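Read the structure below first, then the notes.
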Amino acid sequence: MHSVRENIRKFGYSVMGVMPDEDHYPFTYTTGLGEYLPGHPELTVVGLDNHLAHHLIHAVADHLKQGGEMPPGERVMIDNMPFRLDPVDLASTWLEFGATTAHYRDQDGWELKVMQLVWPDDQYRLPGEADADPVCIQAQDPVNLPVD
């Protein structure tokens, strides 16, 4: 937790990468983003290498900090790439946000809210769009675990 607190102190928020295992995709998530961007939920990226996911989260945070908008469910271009923010249903996801929960546990009235940063396939199609790559769709699924 020390490095999370230190990152929040230095940068305004922290980004944590969770490595994949035989049953889970990698995922990356923020802690403190709601303090850095008051009222904004935390972000998560599912199914990408943690280094790339860190870069994407920072690009979106910068976009939002500079007054850019990202309405939930709408396609938005950032750095010439399409992205979308979708709400994460915490009751049905396999994702766990331990560092975030630990960071906020003592704050009265705090409730975890997370938006998933949805990324495009190699043809710039997002899950849910016509002809989106099924592998890209499955890799980002925050509810259903990988199928062998």
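Since every read-out is calculated from the coordinates, none of them should be taken as a lab result. Because the structure is a prediction, the values reported are computed rather than measured. Reconstructed Cβ throughout: ideal geometry from the backbone, glycine too, with neighbour counts over all protein chains shown.
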Using label points projected 7 Å from each Cα along Cα→Cβ, tell me how many nm separate M19 and S3, to one decimal. 1.2
For the range 87-97, just list the computed ³J(HN,Hα) in residue order, Karplus coefficients 6.51, -1.76 and 1.60, θ = phi - 60°, integers in Hz, with x standing in for Gly and Pro. x, 9, 7, 5, 6, 10, 8, 8, 5, 10, 10
Tell me, Kirkwood radius of the range 2-139 from alpha-carbon pair distances, in Å? 15.5
Under 16 Å from the A91 label point (7 Å along Cα→beta-carbon), backbone N, the range 107-123: 112-114
